[in-house]
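The values are calculated or read from the model by the stated rules, or taken from the named source; none is laboratory data. Not measured: the values here are computed from a predicted model. Here the Cβ positions follow ideal geometry from the backbone for every residue, glycine too, while neighbour counts run over all protein chains shown.
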Number of protein chains: 2
Amino acid sequence: MSDSSKTRLGVFGFGCVGQGLYNVLSHSKGIKAEIRKICIKNASKKRSLPEHYFTLDKNELLFNDDIDVIVELIDDPVAAFEIVKTALQNGKAVVTANKKMLADNFEELFRLQLSSNVPLLYEASCCGCIPIIRNLEEYYDNDQLSAVEGVFNGSTNYILTKMFRENVSFETALSEAQVNGFAESDPSLDIDGYDAKYKLGIILAHSFGLFVKPGQLFNYGITHISDFDANYAKEKGYKIKLIAFCRKIGNTIAAGVLPRFITPESKLFGIDYEYNAVMVESIFSEYQYFVGKGAGSNPTGSAVLSDISALTYNYKYEYKKYQLHENLQVSNDFFINLYIRYNPANPLPPDIFEEVHEQYVSHNNAYMIGSVHFDRLVNSGIWEREDVNIITAAEPGIHGAAAAAGKSQEAELAISNK
Amino acid sequence: MSDSSKTRLGVFGFGCVGQGLYNVLSHSKGIKAEIRKICIKNASKKRSLPEHYFTLDKNELLFNDDIDVIVELIDDPVAAFEIVKTALQNGKAVVTANKKMLADNFEELFRLQLSSNVPLLYEASCCGCIPIIRNLEEYYDNDQLSAVEGVFNGSTNYILTKMFRENVSFETALSEAQVNGFAESDPSLDIDGYDAKYKLGIILAHSFGLFVKPGQLFNYGITHISDFDANYAKEKGYKIKLIAFCRKIGNTIAAGVLPRFITPESKLFGIDYEYNAVMVESIFSEYQYFVGKGAGSNPTGSAVLSDISALTYNYKYEYKKYQLHENLQVSNDFFINLYIRYNPANPLPPDIFEEVHEQYVSHNNAYMIGSVHFDRLVNSGIWEREDVNIITAAEPGIHGAAAAAGKSQEAELAISNK
C-alpha cells in the first residue's frame, strides 16, 4: 500500500452499491480513503458525480500508480474475475462484493492471495452489512463450529414476507424488491436460490475450511410455492423462509439451499423483509445469531467501507479453518425431513422417502412429509417437476442416518429451528 | 509476549467461567495456549484438576516469568483491579470478564494500557459470547452509530422469561437462574440492573468514545414488577425485558437501564431465557442485531478464549471512537415515554409527566403513561417508592424534546422497538 496519507481507491461500477459506497464514504469520519477513479461501462448514463471521476478504460485503474486499492462492484462475474485477478497480480489490494465471481473462482482466488501476498476482502458479498466473514475468521477461530445457516438472501425474504404478511402476489413482491434495489438484475439468481448458494460457498471456506464449487451444492428456490403451500404454512402458524445451511455430521458437511417452514419459536421467525440472519452454532458458544440488512445501497456500501478501513490496518483473511486441515468434505449423504407437495395424478417415486411421517391427498393436491436421503432427492430429479414443491420440515430438519431410519431417536444430530 | 511456542496463562479464579475456559481450551484445536497456574482463594474446595495447577499466592502468577497472559476471572472487583493493574504495570497482557471492575475503573485502565503499552481485552465482560466489543471496534469504526441497546443481562432475562412463558414466581425463577450459573452471586447486581449498567459503561466507550462512571447512569431493575404489571403486558401481547440503552440525540447521549414493554414486532421479542441481544443502530448499516448466550460456563469461557487467541495475534483495542473526539456527553436531558404504576392512595408528583397520554385508576392500582423528562424522573426519587413500578412504553421510548412536548411529530428522534 502507498505511504500517502489517504488510501486511494479505484472503483469498478457505480450502481446501487457503488453509489452507496460513495455516500457512506463522504459522510464517514476518521477513515483516510478517497475515490480517485470510477470505471463504468455505459458513458451515456447520467451520473451524480463530476465527469473527471469516470473512465471507460479499466487499465486507467488497474495500472495506475496513484491507486492503492481496487473496489470491484460490477455485475458481470467473468469481467469481475479478470479485474480482481489482474489487480492482485499487480500488487493492488482488492475489495469486492461479487459473490458469484467469488464462489465460481474461490480456490484460485485464495491461492492468488498467497502467491501475490496481497489481501482480498469481501465482507459485503455475504449478507450485506452482517460482519459474518470477519467474525468467523477472528472470533470463532478456536471454537468448533457445528453449523452455520440462515436467511442469506434479502430479496427472497422480502418477497416471502410480502406474500405472508401482506398477502401480496409473488410477481408484485418481486417487482417491488427490484424497484427497492434488493434484487439482482437477473431475478432467477435470487428466487432459485443461486445467490444464497454463492454466499454459502464463501461461508463454507470460513467455517469449515472447504473450497466448494457452486455446482457441488444443491439449491431449490421459492418459485414453486403455491397458495396451497402458503395456506398449509399459515394454518400451522409457520412462515416459509429460504434457508442456506451447512452442518457438520461426523466428518461430512451437509450443505444446500432449500425453503424451510419456520415456527414462531425460531429466532428466524422475526427476520422479515430485506433482513438477513446468520446462525452460528458451535460446541462452546452454542447458538449465536447475526441479524442485519442483507441488501440495499447504504448497508452494502457500509460493508464495503468497513473492508476498506480494515485494509488501512493491513488486515487480511487468514483462512484459519482451512489451515486446520480437518479432512472434512461436503457430501449429500445425510437425511432431511421434507414436505413434498405434488399433483396426485402424478405420484412421487415410491422410494423417495426413507420413512413417511404424514401424508395427505385431495383432488388437486397431495403432500407427504418424511425423512429423505439427500442424495436420493438430488438424483431423483423430482425438483424439476412443475407440479412439485419441496420445503424442509419445521423440525427436525437435517439429521443423521440412524434417526432417519427410525433406529434411534438419541442419534438424531440436530434440530434445525432453534 | 514470550517467544515460546505456546502462550502461557495464569488464571485467577476457578469458578463457573474459569472451569468453562479450561473446558473450552482443552477441546479447542489450533490455539497455542496453555494454563500454567490458577490462583484460588479457598484451598479446601474440591477441584477437578491436579493440585500442582493451584496456588493461593497471587505473586506466583503476577511475577512469574513463565506466564505471558493473566486471565482474571474472580468475583471481587477490588481485588480484581489490583491484579489487573499490577499485571499491566509489569508488562503482562490481561484478559478479564469482570464488568464491575472495568466499569468502576475504566478510564484509569484505558490510560494504563497506553502508558504500559500492554493490551487488556474483555469481550467476555459484555453479553457473554456475543462479540460486541470487537465488532464495535473493528467493524463499526467508520459508521456513525446512533444507538446501541438491548438485553445485556442473562439472569433477569431468564427470570422474566420464566415469569412470562411459564408463569413461574419471581423467587423460583431467580433461584433457578442461580442454580444454572446464570446469576451473579449477589442477585441484586442482576435484578436491580447494575450488571447491565456496568456493561453499558463499557459499551459507551466503544460506541461513543465516552468514559462514564456507573454512578452517572440511572438504573432501575425488575423487582417492582407486580402481577398487575405482568397482566397489563400480557393483555397487550407484550413481554417485559430489562433494556440497557445509549442513544445519540444531537451531541448528548441518552443512556440508562430500565425495563421496557416489548411488542411482538420487535426483534427483541424472541430473545428469551439466558439469551442476550445487542442492537447496533447506525446511519448506514441501519439496524444490526447480535444475539447469543449472555451467560453460562462454556459460552463465557469461549469468549475468554477468543480474547486469548486474539492476543496471540497481537490484537489490542484501539478505542477508535474515543480517538474521534466528538465532544459528546452523557446527559439526562431527554424525554422518554414511561408507564408508571402506583398505589392510587399515594398519587404521583403532579409535575412528573410532561404530557400524559393515558391514565387508569382502580381501587388498588393506578397507572399513567406519558412523556417524562429523564432528569426529572431521576431527581424525583419516585423510583424509591415501594408502591411504584416504572417501565418504558412500547414505542416510541426515548425521544427528543420537541416531540415530547407535542410540538412536532417529525422531530421525534427514535422509536425504540424495531
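Values for this structure:
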| read-out | value |
| --- | --- |
| Single unsatisfied condition, A:Q288 versus (1) at the interface with chain B (Cβ under 10 Å from one of its Cβ atoms); (2) buried (at least 24 other Cβ atoms within 10 Å of the Cβ); (3) touching a residue at least 40 places away in the same chain (Cβ under 8 Å) | (3) |
| Odd one out for A:I132 among (1) surrounded by fewer than 24 Cβ atoms within 10 Å (Cβ to Cβ); (2) out of contact with any Ser or Thr (no Cβ under 8 Å at 6 or more places or on another chain); (3) within 11 Å of chain B (Cβ to nearest Cβ) | (1) |
| Residue within segment B:25-39 that is in a strand (DSSP E or B), away from every other protein chain (no Cβ under 14 Å) and under 29 Å from A:K321 (Cβ atoms) present | yes |
| Residue tally, condition outside any helix (DSSP H, G or I), touching a residue at least 24 places away in the same chain (Cβ under 8 Å) and either at positive phi or among the acidic types (D, E) (or both), over segment B:99-131 | 2 |
| Top-ranked residue of segment A:134-159 - restricted to ones that are aliphatic (A, V, I, L, M) and touching a Leu at 6+ places or on another chain (Cβ under 7 Å), ranked as modelled with the highest pLDDT | A:V151 |
| Conditions (1) within 14 Å of chain B (Cβ to nearest Cβ); (2) without any contact (Cβ under 8 Å) to a residue 60 or more places away in the chain; (3) not in a loop (DSSP other than H, G, I, E, B); number of the one not met by A:P264 | (3) |
| Selection from segment A:40-87 of residues that are within 20 Å of A:V17 (Cβ to Cβ) and part of a helix (DSSP H, G or I) | A:Y53, A:L61, A:L62, A:P77, A:V78, A:A79, A:A80, A:F81, A:E82, A:I83, A:V84, A:A87 |
| Strands (runs of 3 or more DSSP E) wholly inside segment A:270-372 that include at least 3 residues being touching a Phe, Trp or Tyr at 6+ places or on another chain (Cβ under 7 Å) | A:275-282, A:286-293, A:335-342 |
| A:I40 vs. criteria within 25 Å of the chain's Cα centre (by Cα) and closer than 27 Å to A:L109 by Cα | no |
| Flag for B:D229 being on the phi < 0 side of the Ramachandran plot, in a loop (DSSP other than H, G, I, E, B), in contact (Cβ under 8 Å) with a residue 40 or more places away in the chain and more than 8 Å from chain A (Cβ to nearest Cβ) | no |
| Number of the exception - B:V17 against (1) over 23 Å from B:Q89 (Cα atoms); (2) surrounded by fewer than 14 Cβ atoms within 10 Å (Cβ to Cβ) | (2) |
| Only one of A:I249, A:I271, A:I253, A:I240 that is more than 11 Å from chain B (Cβ to nearest Cβ), within 30 Å of A:N365 (Cβ to Cβ) and touching a residue at least 40 places away in the same chain (Cβ under 8 Å) | A:I240 |
| Inter-residue pairs, beta-carbon under 7 Å, first touching a residue at least 60 places away in the same chain (Cβ under 8 Å) and outside the structural domain of B:I222 (by TED's automatic domain parsing) and in segment B:338-363, second in a loop (DSSP other than H, G, I, E, B) and polar (S, T, N, Q), 6+ apart | B:R341/B:N365 |
